[in-house]
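The values are calculated or read from the model by the stated rules, or taken from the named source; none is laboratory data. Here the structure is a predicted model, which is why all the values come from computation and not from measurement. Ideal geometry is used to build each Cβ from the backbone, glycine not excepted, and the neighbour counts take in all protein chains shown. Side chains are part of the model used for accessible areas, which takes the heavy atoms of the whole protein and leaves out ligands, DNA and RNA. Shrake-Rupley method; radii C 1.70, N 1.55, O 1.52, S 1.80 Å.
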Number of protein chains: 2
Amino acid sequence: MNDDSAQRIVNALRRRIAAGPPGAQLPPTRTLVAEYGASPVTVQKAMRQLNALGLVESRPGVGTFVRAARTSLPADFGWQTAALGARRSRMSGLSSTQRASGADVIRLHSGYPGDDLLPQRLVRAALSRAARTQAAVTRSPAAGLPELQAWFAAQVAAAAPAGVTPPAGRDVVVTPGSQSGLSSIFRAVVGPGEPLLIESPTYWGAILAAEQTGVRLVPVPTGPDGPAPQDVDRAFAATGARAFYAQPTFANPTGCQWSTRTGDEVLQIARRRGAFLVEDDWAHDLGIDAEPRPLVARDPDGHVIHLRSLTKSVSPALRVAAVVTRGPARDRILADRAGESMYVSGILQAAALDVVLQPGWATHLRTMRQQLRMRRDLLVASVREHAPHLRVDHVPRGGLNLWVGLPDGTDVSRTVRECEARGLLIAPGEEWFPAEPAGPFVRLNFAAEDPGRFAEAAQILGARSAG
Amino acid sequence: MNDDSAQRIVNALRRRIAAGPPGAQLPPTRTLVAEYGASPVTVQKAMRQLNALGLVESRPGVGTFVRAARTSLPADFGWQTAALGARRSRMSGLSSTQRASGADVIRLHSGYPGDDLLPQRLVRAALSRAARTQAAVTRSPAAGLPELQAWFAAQVAAAAPAGVTPPAGRDVVVTPGSQSGLSSIFRAVVGPGEPLLIESPTYWGAILAAEQTGVRLVPVPTGPDGPAPQDVDRAFAATGARAFYAQPTFANPTGCQWSTRTGDEVLQIARRRGAFLVEDDWAHDLGIDAEPRPLVARDPDGHVIHLRSLTKSVSPALRVAAVVTRGPARDRILADRAGESMYVSGILQAAALDVVLQPGWATHLRTMRQQLRMRRDLLVASVREHAPHLRVDHVPRGGLNLWVGLPDGTDVSRTVRECEARGLLIAPGEEWFPAEPAGPFVRLNFAAEDPGRFAEAAQILGARSAG
C-alpha cells in the first residue's frame, strides 16, 4: 500500500462519480482491487477519502453509493463585496406594502385593489381574444401599439380646453407599468446627481425610482390643496432644479387633489423656470368625489410629462402605462425605454386596449367608484368610531388609501409590528417621505380587504396606538 | 359703438366658444345685437376680432361657426434644450434591425425569427389558459413566479457537473425580456463611469444598454472560438474592470460558440481577477450543429451572471427572461428591478411556463432546429453561389444570423441603401461594434424571411457589393 496508488484510485473514481448519476452503487472492494491492481487496504483507504470528500456514502451491509446530494464546497461570495463596491442607494427595493401575508390576516397594507374590484370578466375575455391575434406572436413597436398610443392621447385631448393643441398618438410612449415610466423619466430628463423637486409625502415607488437613478431629491411639503406655489418656486430657485415630480390627482398616500388654482400657479412657475412638471396621474380612474383634472391638458409647450397607468383600474397583471409628453423630452424618454426594454409585450397592450374600448369599461368604472366610496366611508367611520384619538385630517377624494395620523410621539414601527402580531397588516408612513417623516402616520388601504373587517382593523390599530 | 362693448362681446363669446363643441354655429348678428344690447357695427367688430383670433370662421351666406381645428399658438419646445442639457448617450435607441418594411421587400435585417418558426399553437393555448387563472388579475412577486424561477434554475442545474451546487429558484430574477436584464446588470453590477469588458463584435442591444447606463466599454476582439484568454486577462489588468459581457453560445452576430477551453480559461481569469462574467445565453434554444454549454453551470461562487431569454424561442410577445446569479449581486439586481419595474406581468410568466412545460415544447425545439439548419445552409449556399466575392468565414453553429464580410473598402452604408432601393433589407455591421468596425460586414437573418427568396437576396447583395 502507498498513498500514490490510493490517490490514483480516488482520482479515477471521482471521474466515474462525476460522469454517473447520483445514487449509483460503486463496485464492491474486491472488484476494485482487481480493477486497479491494488491491495484491499489501499482501496479501503481510497474509499475513506471519497467518503471524507462527501462524494460517497456507505450503507453497512449494502454497499457504497454516490451521494444523492452531490457534494460541493460551501460557496464563497465574499469576493463580490470588492467587485460590487459600496451601495449606491439605501433602499432595498422592497416596500412593506409588498409583504406577503397569511390566510386570516387583515390586509390593509398593500397598494392594489382587491380582484373583486377589477373588471375580471373584461380582462379575461380581452386576453383570450388577444391570444388569437398576431399580437401573440410578434414584436410591437418601441413606442407602443399605435392604437393604444392614440387612446392614451385621446384621453388627454378630451380634457384639453380650446386654444391648446392636445398631444397626439406620437407623443405617447407605452411602458410596462408606471414604475418603468418613472425610472425612464428620472434617467432621461433629470439624470444622476441632478436635483428633482418632489412632494412630501409622496409615492414610495417614485422615491425608490429616483434613488435608484441617483437623482437628488428636494422635498416640497404638500397639503390638502397641493403644495404652496411659493414653496415650489423657492425650491426651484434654491436648487436650480429643472423638474418637479407630483401627484396632483388623488395623491398617494393622502388622496388629496390639487386645487385648480394650485395647478395653474405651479404650471406657470414651471414655465417661468423652464422646468418640467412630472404629473403622475396614477389614480385617474379612481375618483370618488371628484373628477381628475390632468394638468397636461392645459400645457401646450411640453412642460408637463404626464404618466398614466392602467395597472390599478384594469389589472395588476396587465402592466401597461403611458408617458405622454412632447418635444425632445419625448425622444429622450423613448431612447431610454428602447435601451431599457426594447418594447412592451404586444399581448398586454392589445388586451389593455380591448378592455378600455368595451362598453363594459364605463360600467366598471362607475361600479368601482361606488365600491370605493362605500369602502372609504366605512373605513373612515370605523377609525373615527374605534380609534377616535387618531387623526383623519383629509377624507380622500379618490384613490385607494386612507392616511392616518397617530398621536405625537408614537413609535410607528412598533405599532405596525404589534398590529401585525394581532393579525393586521398596515404600512408605516415613513416610506412615503423623501426625508424624515413629518410625523407618525400609517397608510390604510380600503380597496383590497373585505370591508366587513374594517371595524376589527380599527379596533386593533386603536388599541396599539394609544397616545 | 365703442371698443369696450366690442371687447365685452368678444369676451362673452370666447367663453361660449370654449364651452361648446367645435363646429357649432354662432347666433346671427341680429340675435347678438339683442342679446348684448349693442349696435350691429359693434357686434360685427367683435366677430372680426374673433375671426382674427382664429376662433371662428364665417361661411358666406350660411353663418359663423366655431373653428373645427381649434386655434392654438405653435408649440415651442425650445426651452427643453436648456432643461435637458447635453445628451448622455450617442445612441438613439433605434437600430436598423427594427426598421419597418413594405410588403414585397426581402427582410433579412431583423433580429427575430418569423412567426412560422414559433410554437404558435402552444403560445395561444397557454395565453388562453393563463387568462382563466388568478395570474390574470393579480400582482406577481418582485423576483418572479416561484414555479418559473424554479424552471430557469433547473435548466442550469441540468448542465451542472458533480461537485458544483447548481443555482436554486431563489437565485433567479425574472425580467420582462433580456434587454431589461442587461440594463439592470450593467446598472447594479458595473455602474456609470465604470469599465466593462465586451466582446467585439457583439449584440448591439448590449452596447445600447451599456451606453444608456453610462458604463465605459472596453472592447475585446472575439473569434470563432471566442476571445483569446490573454486578451481578456490583459484588458482586466489594464482597466481594473470587474465584469466582462459575453455571448459564449452562438454569439450575435457571428453564430460562433466558445470552445470549452476558452470558457474554462476565461472563467478562471474572472475568478483570479475577482470579476463577473455576464453570460448572455440568448440563443440557448437556437442550437443548430451544437449544444449550448452554459458556463454558469460550472461556476460555484457566483462569478457568472447568466441571462436566459424565451423571447426568440417562445414568442417575441411573451417578454420573459431570467437573470440567474448568486450572492449579493443577485440582491443588487433584484433591487434594481424593483426600482425599475416593480414586477413582471404574471400573465406572461404563467403563459411562458405553460409553454415550456408542454410535451410539444421539445418537439417544437427539434422542428425549429431543423428549420434553422435548412435555412442557414440555403443562405450560405446562396451567398457562395451568387456573391462568391463575399466572405462567409464562419458557418454559424446556432442562432438566427449569418455574418458576412464585404470586400475591403466597401462603403457598407451605401451597400445597405442600394440593397434597400432594390427591395432587400439587411443590417449594416457597424451596429455590432462597440468602437470602429473591424471591417465591412453585414448581418443577414435567415430565420424570418421565406427561404425561397434567399437566392434573389444574395444576387442583389452580390451586385451591390462588388469590390
**Asked** Looking at A:Pro192, A:Pro229, A:Pro219, which is the one that is open to solvent by 10 Å² or more (accessible area, probe 1.4 Å), under 25 Å from the mean Cα position of the chain (by Cα), in contact (Cβ under 8 Å) with a residue 24 or more places away in the chain and farther than 30 Å from B:Arg121 by Cα?
**Response** A:Pro219
**Item:** Checklist (1) under 17 Å from the mean Cα position of the chain (by Cα); (2) at the interface with chain B (Cβ under 7 Å from one of its Cβ atoms); (3) crowded, with 19+ Cβ neighbours inside 10 Å applied to A:Leu94, failing item
**Value:** (3)
**Asked** What number goes with the only condition from (1) closer than 27 Å to B:Ala338 by Cα; (2) in contact with a helix residue (DSSP H, G or I) (Cβ under 6 Å, 6 or more places away or on another chain); (3) crowded, with 24+ Cβ neighbours inside 10 Å that B:Ala153 does not pass?
**Response** (3)
**Asked** Within region A:335-350, can one find any residue that is of a type in the set (Val, Ile, Thr) and touching a Ser or Thr at 6+ places or on another chain (Cβ under 6 Å)?
**Response** no
**Prompt:** Within region B:171-183, can you find the residues that are within 22 Å of B:Pro300 (Cα to Cα) and within 13 Å of another protein chain (Cβ to nearest Cβ)?
**Reply:** B:Asp171, B:Val173, B:Val174, B:Gly181, B:Leu182
**Prompt:** Can you name the residue in region A:131-145 that is over 17 Å from B:Ser101 (Cβ atoms) and open to solvent by less than 50 Å² (accessible area, probe 1.4 Å) and, of all such residues, is farthest from the other protein chains (Cβ to nearest Cβ)?
**Reply:** A:Gly144
**Prompt:** Considering only residues of region A:268-281 that are in contact with a helix residue (DSSP H, G or I) (Cβ under 6 Å, 6 or more places away or on another chain) and over 12 Å from A:Ile305 (Cβ atoms), which is farthest from the other protein chains (Cβ to nearest Cβ)?
**Reply:** A:Ile269
**Prompt:** Looking at region A:106-130, which of the residues that are among the hydrophobic types (A, V, I, L, M, F, W, C) and in a helix (DSSP H, G or I) is surrounded by the fewest Cβ atoms within 10 Å (Cβ to Cβ)?
**Reply:** A:Ala125
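In region A:196-216, what residues are open to solvent by 10 Å² or more (accessible area, probe 1.4 Å), not hydroxyl-bearing (Ser, Thr, Tyr) and not in a loop (DSSP other than H, G, I, E, B)?
A:Trp204, A:Glu211, A:Gln212, A:Arg216
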**Prompt:** Would you say A:Arg99 is touching a residue at least 24 places away in the same chain (Cβ under 8 Å), surrounded by fewer than 22 Cβ atoms within 10 Å (Cβ to Cβ) and more than 22 Å from B:Val190 (Cα to Cα)?
**Reply:** yes
**Prompt:** Residues in region B:241-262 that are within 14 Å of another protein chain (Cβ to nearest Cβ) and touching a Pro at 6+ places or on another chain (Cβ under 7 Å): how many?
**Reply:** 1
**Message:** If I filter region A:335-343 for residues that are in a loop (DSSP other than H, G, I, E, B) and under 24 Å from B:Gly144 (Cβ atoms), do I get at least one hit?
**Reply:** yes
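Restricting to region B:324-335, name every residue that is at the interface with chain A (Cβ under 7 Å from one of its Cβ atoms) and either open to solvent by less than 10 Å² (accessible area, probe 1.4 Å) or among the aromatic types (Phe, Trp, Tyr) (or both).
B:Ala329, the sole residue that qualifies.
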**Request:** Kindly provide the set of residues from region B:18-44 that are closer than 30 Å to A:Ala157 by Cα and of a type in the set (Ser, Thr, Tyr), ordered by number.
**Result:** none
